[in-house]
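Every number here is computed from the coordinates shown, using simple stated rules; none is lab data. Quick caveat: nothing in here was measured; it's all calculated off a predicted structure. Glycine gets a Cβ as well: all are built from the backbone with ideal geometry, and neighbour counts include every protein chain shown.
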Amino acid sequence: MIPITPLEQAGLDRAARLLRNGGLVAFPTETVYGLGADATDDRAVARIFEAKGRPTFNPLIVHLPTLSEVEKTVAMPPLAYRLADAFWPGALTLVLNRKQRTGLSRLVSAGLETVAVRVPAHGGARDLLRLVGRPVAAPSANTSGRLSPTEARHVADSLADNIDLILDGGPCRVGLESTVVDATGDVPILLRPGGVPSEALEAIAGTPLATAGDTDAPASPGMLASHYAPGLPIRLDATDAGSGEALLGFGNPTNNETANLSPAGDLVEAAANLFRLLHDLDDPARYRGIAVVPIPEMGLGRAINDRLRRAATPA
Ligand code: TXA
Ligand code: MG
């Protein structure tokens, strides 16, 4: 059993001590739970890849408590400052060029010259980062390819005993991973849709987002076709449940649905509920599959649909 402790001062102190000594600690952020390690410690970072079964070509996000800590790690062109001012702390990850002599393990970049950095908004996460006093590498705290965790119990269910502690801060407010944007140039490149909608990013950037396919920038190595997947098959754009299927609705509740992402049709609420409801419905003793009704392709709906499409793609 992985020890779980509430996110209070004693738990934070214990978590920070573990991280400073090369341990692995799962902690809540406003997006999803992260599996943290000291980003300056090669062995600790290597343990993340091992614990998740994560391919080593897939780089990690480095979490920092403030913009001034970020500035020590990566070069910030004007576009990066504009996005950081508007969305940090928050659910945005910026891919930027790494500075020399940062002390960061090379493993976090998986061989790239860039580093993904994020200043999270979650108060407990920021307290932890300040206590550790070092950059913390943290992917989502799940087995690679599976559903992301939005509650402490999801972490305990997904990872084996080879992590040291789970800090339980309750459910995550946003419920979807951060939006990942390459901000090394003049035009932002969307690498992964997420908790900050594209429309909001474009309004601040003053230009449409490019996508990795439009440019010669390397795509986000983590964007595999099959990802975020529960054990049961997922069927999209369903109008009704097939035999033995659970039906996941959105808006306009109906009698035959098993659960609803947001009866009011609110995409923010749907995002916050997505992974929890998929975790709950992913029960082969009760269902043969999960059918999901159409979700509008706008705002957070884009990130929800991105996750659902990958979840529906067989591994
Ligand atoms: O909300 C989140 O982003 C959560 C919390 C814990 O912060 N973390 C998270 O990490 O979702 P992870 O490892 O599951 O996803 C990180 C994504 C992957 O798609 C990875 O390929 C991409 O970011 N990424 C990381 N570093 C990159 C880099 N240098 N260049 C391009 N993509 C990068
Ligand atoms: Mg992940």
Handout entry: Debye equation applied to the C-alpha atoms of region 11-78, log10 I(q)/I(0) at 0.12, 0.15, 0.24 Å⁻¹
Key = -0.36, -0.56, -1.22
Fill in the blank from the handout: Least to most buried among E113, E245, E269, E8, by other C-beta atoms within 10 Å and fewest first, runs E113, E8, E269, E245
Fill in the blank from the handout: The FRET efficiency for A10 and T102, from their Cβ-Cβ distance with R0 = 30 Å and rounded to 0.05, is 0.45
Practice task
Using R₀ = 22 Å, calculate the FRET efficiency as 1/(1 + (r/R₀)^6) where r is the Cβ-Cβ separation of N162 and R20; round to 0.05.
Solution key: 0.70
Fill in the blank from the handout: Candidates P55, P135, P193; GNM for the chain (alpha-carbon contacts under 10 Å) flags as most fluctuating P55
Problem - Highest-MSF residue in the chain out of T207, T56, T66 [GNM, Cα springs under 10 Å] - result: T207
Fill in the blank from the handout: When H227, H63 are ranked with the fewest other C-beta atoms within 10 Å first, the list becomes H227, H63
Completion exercise
Pseudo-spin-label distance I2 to E113, built 7 Å along Cα→Cβ, given in nm, is 3.6 nm
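Please compute the alpha carbon radius of gyration of region 39-88, then divide it by the globular-protein estimate 2.2 N^0.38 Å. Two decimals is fine.
1.43
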Handout entry: Where the Cα pairs of region 55-132 fall when distances are cut into 5 Å bins, in %
Key = 3, 16, 27, 25, 19, 9, 1
Practice task
Throw me the Rg/Rh for the chain, computed over C-alpha atoms with Kirkwood Rh, two decimals.
Solution key: 0.96
Exercise for the section: With everything on Cα atoms, drop me the angle between helix 9-20 and the longest principal axis of the chain, reported from 0 to 90° to the nearest 10. Expected result: 60 degrees
Exercise for the section: Taking only Cα atoms and a 10 Å spring cutoff, compute GNM fluctuations for the chain and point out the largest among A37, A241, A203. Expected result: A203
Exercise for the section: Report, largest value first, the span of the C-alpha coordinates of region 203-315 along each principal axis, in whole Å. Expected result: 45, 32, 21
Handout entry: For q = 0.09, 0.11, 0.17, 0.18 Å⁻¹, Debye-computed log10 I/I(0) when each Cα of region 115-256 counts as one equal scatterer
Key = -0.40, -0.60, -1.23, -1.29
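Would you mind getting me the FRET efficiency between I204 and A315? Use the beta-carbon distance for r and R0 = 35 Å, nearest 0.05.
Computed FRET efficiency for I204 and A315 comes out at 0.45.
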Exercise for the section: Once you have the Cα-Cα distance between N252 and A264, take 0.36 nm times their residue separation minus that, and quote the gain in nm to one decimal. Expected result: 3.6 nm
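Give, as a single signed number, the net charge of other residues whose beta carbon lies under 14 Å from the beta carbon of L92, with Lys and Arg counted +1 and Asp and Glu -1.
Around L92, the charge tally is -3.
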Practice task
From zero up to wherever the largest Cα-Cα distance of region 96-144 sits, split into 10 Å bins and tell me the percent of pairs in each.
Solution key: 20, 48, 30, 1
Fill in the blank from the handout: Full extension between E50 and R82 adds, at 0.36 nm per residue less the Cα distance, a length in nm of 7.9 nm
